[in-house]
Amino acid sequence: MQNSKSLFSFKKLPNRYTSIVLPFLLSIIMTLVVSMISTLRSLGLEEFSIYVWISAWAISWLIAFATLLLILPVVRKITAMLVQQPA
């Protein structure tokens, strides 16, 4: 029997939520990194502001999450065509 508790001791979501949780987490992590780099490049370290970074991140996250939800099924199909499945 699989353990239904996660690392932080709360009940895990059912498997059917994987298609939402994966792009949700992926979009948060990717947009945090990319928006920080972009903000730092644009403003420089002296002018960098957490407020500017987070506002840039929020906008980019909304776009990235919606894009991932729409495009991930297509990417999975393309990946399946390019990568050999386990035997």
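In the chain, the convex hull through the Cα atoms has an average projected area of 9.1 nm², a quarter of its surface area. On a 0 to 90° scale, report how tilted helix 18-47 is relative to the longest principal axis of the chain, with both axes built from alpha carbons and the result rounded to the nearest 10. That works out to roughly 20 degrees.
For the chain, what does -39500 (n - 2.57) per DSSP helix run (n ≥ 4), summed and divided by total residues, give at 222 nm, in deg cm²/dmol to the nearest 500? My calculation for the chain gives -26500 deg cm²/dmol from helical runs alone. Projected over every direction and averaged, the convex hull enclosing the alpha-carbon atoms of the range 27-70 yields 2.7 nm². Ordering S42, A87, S19 by Cα displacement along the dipole of the chain toward the positive end leaves A87 in first place; charges were set at the Cβ atoms of Lys, Arg (+1) and Asp, Glu (-1). Compared with the dominant principal axis of the Cα atoms in the chain, helix 50-82 is inclined by about 30°.
Here, each number is a calculation from the coordinates, and none is a lab measurement. None of the values given here were measured: they were computed from a predicted structure. No Cβ is skipped: glycine too gets one built from the backbone with ideal geometry, and neighbour counts run over all protein chains shown.
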